[in-house]
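Working notes for the structure below.
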Amino acid sequence: MARIGVFICHCGENISATVDCPKVSEVAAKFPGVAFSTDYKYMCSDPGQSLVVNAIKEHKLTGIVVSACSPRMHEPTFRRACAEGGLNPYQCEMANIREHCSWVHEKGDKTDQKAIDIVRMMVEKVKRNNALLPIKVPVTKTALVIGGGVAGIQAALDIANAGHKVIMVERDPSIGGHMSQLSETFPTLDCSQCILTPRMVEVAQNPNIKLYTYAEIESVEGFVGNFNVKIRKKAKSVDETLCNGCGMCTTKCPNKKNPNEFELGMGNRPAIYVPFPQAVPNIPVIDKTQCTYYKNGKCKICEKVCQPKAIRFDQEDEIIEVAVGAIALCTGFDIKKTDFFPEYGYGKYKDIIDGLQFERLASASGPTSGEIRRPSDGQVPKKIVFVACAGSRDPAKGIEYCSKICCMYTAKHAILYKHKVHDGQAYIFYMDIRAAGKNYDEFTRRAIEEDQAQYIRGRVSRIYERDGKLIVVGADTLMNAQTVEIEADMVVLATAGVANKGAEELAQKLHVSYDQHKFFSEAHPKLKPVETNTAGIYLAGACQSPKDIPESVAAASGVAGKIACLFANSELTREPLIAMVDRQAPPMYSSCTGCFLCQPVCPYNAIEREEVKDRNGNLVRELAFINPGLCQGCGTCVAVCKSKSIDIEGYTNLQMYAEVDALLNS
Amino acid sequence: MSEFEPKIVAFVCNWCTYAGADLTGTSRIKYATNVRIVRFPCTGRIDYMLLTKAFASGADGIIVSGCHPNDCHYTSGNFHARRRWMVFKKLCDFMGIDTRRIVFSWVSAAEGVKWADIVNTTVEEVRKLGPYESYHKLSTQDILA
Ligand SMILES: Cc1cc2nc3c(=O)[nH]c(=O)nc-3n(C[C@H](O)[C@H](O)[C@H](O)COP(=O)(O)OP(=O)(O)OC[C@H]3O[C@@H](n4cnc5c(N)ncnc54)[C@H](O)[C@@H]3O)c2cc1C
């Protein structure tokens with residue numbers, strides 16, 4: 001006979017404010033099979049857990065139902081308590097009366113009844129729980145870092161320095177990410193390249209790190225500790241083992257008029273190119289869409305001038321398979337381009353640029369060697385307007401969030417502008433100045449007080465051209481919403497930070513969640529900020545939401561710490577909530593009919609054919625067998641099995657039918 | 001007589017919709033109390049016979065919800081669920097089971113608001129349809145007779 005214990009948690013007031021906990025406990029005490037029922041202020045606290053442990057011993061309980069928060073919160077806690085009380089940890093179920101009840105309903109009878117129903121349902125389920133043993137799996141102590149921006153670089157270096165192998169996959173020909181495009185960085189104004197380049201070189205030289213650039217993730221299979229990853233190494237048309245980075249090919253390439261991505265179109269590059277001088281690795285790639293040879297079958301000048309004979313026109317994409325134990329997602333972000341804004345001319349005015357383009361203009365290594373000159377005619381702009389929140393915090397544009405970095409970099413831009421154009425005047429249209437961070441407010445004040453940036457609180461409704469000037473029309477909300485018109489020489493839009501290209505596809509390959517804006521989701525907004533919902537996959541940097549450098553680096557070190565913890569063990573224990581095919585002794589009598597409908601629906605190829613032979617070794621029949629090492633417990637095979645011969649622990653047919661039955665037959 | 005309160009059962013997957021419903025809670029968004037959630041690892045696990053079981057046990061409406069297409073934690077469970085649902089729906093229509101009472105949807109872990117909306121609209125739709133007396137009577141009468 002089942003002897004179930006029911007433990008109703010008040011969660012301080014979180015549950016008890018809307019659910020009558022003593023009443024629920026009283027009613028639950030009368031459910032068939034319930035031997036003990038009580039309520040308590042904080043079941044997850046030490047005394048709360050002791051209460052559970054003691055009740056199990058004292059009342060000789062065979063299973064427990066903890067009615068409290070979501071199982072996603074405290075199931076592990078109470079499984080441990082269950083084990084401490086001497087039961088199998090899987091004889092525990094959580095009745096979610098907080099997230100699914102007290103927090104979403106008003107106080108009243110209906111809410112109490114719902115809580116009672118949820119408890120009854122879990123009591124019926126737990127009566128049918130099986131004792132299970134955790135599954136042990138080995139851990140491959142190699143980490144995969146996807147994305148080589150500052151976040152990926154930090155994560156890779158930290159993991160490598162902890163003594164583990166790292167594989168880094170970067171989509172572009174060089175690592176560095178957006179930080180390599182920045183001029184100087186807030187709030188200290190240190191040169192971005194100067195602080196980043198040494199770290200990029202460290203990645204290339206660290207013996208624990210294997211770097212694949214111009215590469216992307218093809219597919220990911222497996223689970224925590226045991227992922228199998230296919231990497232597509234795109235053809236660079238250059239043999240990396242031979243190339244010595246002399247640069248002859250890029251200087252001699254006659255096809256030089258291709259838009260330079262690194263300079264955001266404000267300059268040209270040859271068809272064979274290294275994205276920027278400090279690139280790591282310093283190995284060029286041929287842009288097949290632009291190269292004369294690939295287009296017309298003639299030229300091959302790069303091949304002729306290459307002394308080490310490294311040019312390979314026939315090189316093809318290569319698929320590399322690696323085994324890793326953990327994955328760090330560091331694929332960063334992107335920004336909206338000026339063509340996103342109809343009110344600012346859809347990108348048709350050359351002198352309206354975005355923030356990254358301004359970074360390139362201000363950068364000593366940029367297209368103007370660090371002089372602020374407008375793209376249309378190369379003149380130095382004497383009046384410049386910065387538009388903050390271009391697209392951000394604008395539900396009409398589908399971007400309701402704050403992009404977080406723009407207030408700071410716009411202040412930085414105004415400062416840099418003043419340092420370079422002493423007689424120039426900067427105007428900044430803004431909604432609020434958000435400068436929360438160490439030395440951040442001081443920085444924006446510096447822009448206003450020392451560098452005379454004129455802040456105008458209001459939005460810009462329109463920008464158009466008149467007599468070679470850009471007319472910026474906005475409102476000053478601190479001056480009775482008066483219309484302001486500024487005749488500017490140049491305009492910089494601090495465009496919204498958005499998810500990177502391909503983020504959605506990548507998330508789908510890795511089975512991690514993402515939000516409506518395609519930023520990757522963390523497992524818990526407060527307590528698991530660097531974990532994803534998929535065990536063994538972590539995230540750092542701006543792929544999660546717009547972040548500045550200090551935040552991205554902190555998150556990356558957090559990920560490295562998590563991965564080092566994971567790698568501290570040579571074995572992992574995995575939840576034994578997996579499917580199995582009915583087996584009798586002898587297996588001959590299994591109810592499995594051997595139709596193998598289950599095989600094609602299994603996403604993990606976990607279902608094998610087991611041969612049952614007689615004593616002479618003749619095949620008698622074939623049965624499905626589920627490899628417990630591969631099964632991840634989705635249960636799709638259970639639902640397709642025609643003879644109901646497959647069941648899944650934790651969600652068995654008995655449990656689910658009992659739950660449904662209990663729910664409604666009150 | 002008090003207003004008819006439909007009984008709704010929701011069969012949801014652990015990774016998207018269950019988490020989405022958790023988010024509704026964390027965000028303190030209020031919705032109708034009529035729904036009872038049954039958690040599955042994946043919508044692919046849902047055996048549609050459970051739906052008829054739920055009707056037989058007194059449900060007036062059912063929600064089945066999992067991850068959006070392509071977002072399944074297990075790659076493809078939601079696609080199998082959708083396919084089997086299409087077949088099952090045809091069968092229901094053939095047999096005369098009222099499929100207006102079954103709502104099939106996708107709610108991701110980030111869609112707390114959507115979850116509340118789906119519950120509220122389902123409750124209202126089913127309220128309009130009235131109690132599923134014909135099914136309830138059918139199953140009990142036949143067994144008790
Ligand atoms: C105009 C501007 C000015 C800024 N100024 C400052 C400043 O002064 N101070 C400051 O602290 N912050 C500043 N920032 C913010 C800073 O750029 C970011 O915090 C930082 O770049 C985030 O680093 P990350 O590594 O997360 O992402 P990223 O820098 O975006 O790097 C991501 C990397 O991943 C790669 N990648 C993407 N997808 C894939 C894929 N599918 N497979 C493989 N690789 C992939 C990309 O090629 C890239 O190399 C500024 C941002 C902007 C737009």
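Quick notes on this one:
- Contacts under 9 angstrom Cβ, first residue in segment A:636-663 being more than 7 Å from every other protein chain (Cβ to nearest Cβ) and touching a residue at least 60 places away in the same chain (Cβ under 8 Å), partner among the aromatic types (Phe, Trp, Tyr) and crowded, with 22+ Cβ neighbours inside 10 Å, 6 or more apart: A:Glu649/A:Tyr90; A:Gly650/A:Tyr90
- Restricting attention to segment B:72-88, the residues that are part of a helix (DSSP H, G or I) and at the interface with chain A (Cβ under 9 Å from one of its Cβ atoms) add up to 4.
- Reported count of residues in segment A:345-367, each being in contact (Cβ under 8 Å) with a residue 12 or more places away in the chain and at positive phi, is 1.
- Residues that are of a type in the set (Lys, Arg), at the interface with chain A (Cβ under 7 Å from one of its Cβ atoms) and not in a loop (DSSP other than H, G, I, E, B), drawn from segment B:1-58: B:Arg36, B:Arg45, B:Lys53
- Residues in segment A:605-633 that are within 10 Å of chain B (Cβ to nearest Cβ) and either over 37 Å from the mean Cα position of the chain (by Cα) or modelled with pLDDT of 95 or more (or both): there are none.
- Of all residues in segment B:59-71, those satisfying the criterion of being assigned to a loop (DSSP other than H, G, I, E, B) and more than 7 Å from chain A (Cβ to nearest Cβ) are B:Asp60, B:Cys67, B:His68, B:Pro69.
- Filtered residues of segment A:500-511 (kept if of a type in the set (A, V, I, L, M) and within 9 Å of chain B (Cβ to nearest Cβ)): A:Ala507
- Of the residues making up segment A:51-88, those that are touching a Lys or Arg at 6+ places or on another chain (Cβ under 7 Å) and in contact (Cβ under 8 Å) with a residue 40 or more places away in the chain are A:His59, A:Lys60, A:Leu61, A:Thr62, A:Gly63, A:Ala68, A:Cys69.
- For A:Gln544, the test of being within 13 Å of another protein chain (Cβ to nearest Cβ) and within 16 Å of the ligand (Cβ to nearest atom) is passed.
Residue by residue, here is whether (1) in the same structural domain as A:Met121 (by TED's automatic domain parsing); (2) among the aliphatic types (A, V, I, L, M); (3) within 15 Å of A:Cys595 (Cα to Cα); (4) in contact with a His (Cβ under 9 Å, 6 or more places away or on another chain) holds:
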residue: A:Gly617; (1), (2), (3), (4): no, no, no, no
residue: A:Leu623; (1), (2), (3), (4): no, yes, yes, no
residue: A:Asn627; (1), (2), (3), (4): no, no, no, no
residue: A:Leu630; (1), (2), (3), (4): no, yes, no, no
residue: A:Cys634; (1), (2), (3), (4): no, no, no, yes
residue: A:Val640; (1), (2), (3), (4): no, yes, yes, yes
residue: A:Ser643; (1), (2), (3), (4): no, no, yes, no
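Yes/no matrix, rows are residues, columns are (1) of a type in the set (Gly, Ala, Ser); (2) at the interface with another protein chain (Cβ under 8 Å from one of its Cβ atoms):
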position: A:Phe78; (1), (2): no, no
position: A:Cys82; (1), (2): no, no
position: A:Gly86; (1), (2): yes, no
position: A:Ile118; (1), (2): no, yes
position: A:Asn129; (1), (2): no, no
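- Test set (1) at the interface with chain B (Cβ under 10 Å from one of its Cβ atoms); (2) surrounded by fewer than 20 Cβ atoms within 10 Å (Cβ to Cβ); (3) modelled with pLDDT of 95 or more - A:Phe519 fails condition number: (2)
- Among all positions in segment A:547-563, there is at least one residue which is within 16 Å of the ligand (Cβ to nearest atom), over 24 Å from A:Pro76 (Cβ atoms), more than 14 Å from chain B (Cβ to nearest Cβ) and assigned to a loop (DSSP other than H, G, I, E, B).
- Only one entry of A:Glu575, A:Glu571 meets the criterion of being within 14 Å of chain B (Cβ to nearest Cβ) and touching a residue at least 40 places away in the same chain (Cβ under 8 Å), and that entry is A:Glu575.
- All of A:Gly345, A:Gly325, A:Gly332 fail the test of being away from the ligand (no atom under 16 Å from the Cβ), under 30 Å from A:Lys210 (Cα atoms) and buried (at least 17 other Cβ atoms within 10 Å of the Cβ), apart from A:Gly325.
- Selection of first residues in segment A:476-502 that are of a type in the set (Ser, Thr, Tyr) and of second residues that are away from the ligand (no atom under 16 Å from the Cβ), restricted to Cβ pairs under 7 Å at least 6 apart or on distinct chains, gives the following pairs, ordered by first then second residue: A:Thr477/A:Arg457; A:Thr477/A:Gly458; A:Thr483/A:Val473; A:Thr483/A:Ala475.
- Inside segment A:189-234, residues that are among the small types (Gly, Ala, Ser), surrounded by 17 or more Cβ atoms within 10 Å (Cβ to Cβ) and more than 17 Å from A:Gly177 (Cα to Cα) make up a count of 2.
Conditions tested, residue by residue: (1) in contact with a Leu (Cβ under 8 Å, 6 or more places away or on another chain); (2) modelled with pLDDT of 95 or more; (3) outside any helix (DSSP H, G or I); (4) of a type outside the set (Lys, Arg).
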residue: A:Asn14; (1), (2), (3), (4): no, yes, yes, yes
residue: A:Val19; (1), (2), (3), (4): no, yes, yes, yes
residue: A:Glu26; (1), (2), (3), (4): no, yes, no, yes
residue: A:Phe31; (1), (2), (3), (4): no, yes, yes, yes
residue: A:Tyr42; (1), (2), (3), (4): no, yes, yes, yes
residue: A:Gly48; (1), (2), (3), (4): no, yes, no, yes
residue: A:Leu61; (1), (2), (3), (4): yes, yes, yes, yes
residue: A:Val66; (1), (2), (3), (4): no, yes, yes, yes
residue: A:Arg80; (1), (2), (3), (4): no, yes, no, no
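- Residues located in segment A:253-276, provided they are farther than 22 Å from A:Gly355 by Cβ and either assigned to a loop (DSSP other than H, G, I, E, B) or assigned by TED's automatic domain parsing to the domain that holds A:Ile352 (or both): A:Cys253, A:Pro254, A:Asn255, A:Lys256, A:Lys257, A:Pro270, A:Ala271, A:Val274
- Restricting segment A:404-431 to residues that are part of a loop (DSSP other than H, G, I, E, B) and either buried (at least 20 other Cβ atoms within 10 Å of the Cβ) or within 28 Å of the chain's Cα centre (by Cα) (or both), the residue that is farthest from the ligand (Cβ to nearest atom): A:Lys404
- Some residue of segment A:525-541 being more than 16 Å from the ligand (Cβ to nearest atom), touching a residue at least 24 places away in the same chain (Cβ under 8 Å) and over 27 Å from A:Val139 (Cα atoms): no
- Restricted to segment A:135-236, the set of strands (runs of 3 or more DSSP E) holding at least 1 residues that are basic (Lys, Arg) and within 11 Å of the ligand (Cβ to nearest atom) comprises A:226-233.
- Single unsatisfied condition, A:Gln599 versus (1) in a loop (DSSP other than H, G, I, E, B); (2) surrounded by 14 or more Cβ atoms within 10 Å (Cβ to Cβ); (3) within 14 Å of another protein chain (Cβ to nearest Cβ): (1)
The values are calculated or read from the model by the stated rules, or taken from the named source; none is laboratory data. The model shown is predicted, which means the values in this text are computed figures rather than measured ones. Every residue, glycine as well, gets a Cβ built from its backbone with ideal geometry; the counts of neighbours run over all protein chains shown.
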